[in-house]
Amino acid sequence: MFRLASRSLIIVAALLGACGPAVTPSPSGHAPTPSPAVDDPYAELRERMVSDQIEVRGVTDPTVLATMRRVPRHRFVPDEYLDQAYDDHPLPIGYGQTISQPYIVGLMSEKLELQPGDKVLEIGTGSGYQAAILAEMGMQVYTIEIIPELATQAAERLEALGYADVRARAADGYWGWPEEAPFDAIIVTAAPDHVPQPLVEQLKPGTRLVIPVGPVGAVQTLWQFTADESGELTAYNLGGVSFVPLTRSEPTP
């Protein structure tokens, strides 16, 4: 055992094998997203994405699976990549950022172990897809994006799709959202080289932080940190991943 600031940290053996490169049902009360239907040309692709890329690899949470069958991932990718919207890899969304591979989105959503109505902080809004998944699962979503242009585009996209209750801001996610803390779960969709202490401090006891950690340009590790009621953190190694780095507006003090 070693210390992470004022909280102890126990490292537990990997729960899963390597996740493969991530080159990255309760309604939520908003206007419903399109359901699979005859007039939805992407319905079959979405079904295949879930059954062949996500479910078969061990993601079993029924709410996560049902949600990913509903949310239109093609609405979150640039037009030039529409033909790859449901493929098992990340896609560029501009400004050096990506939308994560579907399997990783499903895995990270499951490992948050959420309950309907939970208050969730996302660091790294990107295109807004992960925020839409969490909102469709029935969560209160707070999402932070450091690139102003992406933050604006994602907020407009989420509102247009009926996720008007998602609260978004352009800021340095390293510091979290202290005025809205504590959170029932925190998910980080870009990789810092260490676990940001401000995020640890904004996590409620008994809840989870899911985050990739590691150096830029190398294999990183996806971790699920769980905090018990006494504040002790246990870390579960979910395997090797490759995320874009967590961008900072200023160096960590």
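The values are calculated or read from the model by the stated rules, or taken from the named source; none is laboratory data. Predicted, not measured: the structure shown is a model, and the values here were computed from it. Cβ placement follows ideal geometry from the backbone for every residue including glycine, while neighbour counts extend to all protein chains displayed.
Structure notes:
- ILE99 passes every criterion in (1) more than 14 Å from ALA154 (Cα to Cα); (2) under 12 Å from the mean Cα position of the chain (by Cα) apart from (1).
- Scoring PRO116 on the criteria (1) on the phi < 0 side of the Ramachandran plot; (2) within 13 Å of the chain's Cα centre (by Cα); (3) assigned to a loop (DSSP other than H, G, I, E, B) leaves a single failure, condition (2).
- When the test is whether a residue is surrounded by fewer than 16 Cβ atoms within 10 Å (Cβ to Cβ), in contact with a Gly (Cβ under 9 Å, 6 or more places away or on another chain) and not hydroxyl-bearing (Ser, Thr, Tyr), PRO215 does not pass it.
- Members of the stretch 218-241 that are crowded, with 16+ Cβ neighbours inside 10 Å and of a type in the set (Gly, Ala, Ser): ALA227, ALA235, GLY239, GLY240
- ASP87 being of a type outside the set (Phe, Trp, Tyr), within 16 Å of GLY128 (Cα to Cα) and at pLDDT 95 or above: no
- Exclusive hit being of a type in the set (Gly, Ala, Ser) and at pLDDT below 95, set ALA170, ALA132, ALA164, ALA181: ALA164
- Within the stretch 116-129, being at pLDDT 95 or above and either aliphatic (A, V, I, L, M) or more than 12 Å from ILE187 (Cα to Cα) (or both) holds for GLY117, ASP118, VAL120, LEU121, ILE123, GLY126, SER127, GLY128, TYR129.
- The strands (runs of 3 or more DSSP E) located wholly in the stretch 154-251 that include 1 or more residues which are in contact with an Asp or Glu (Cβ under 7 Å, 6 or more places away or on another chain) occupy 167-170, 183-188, 203-213.
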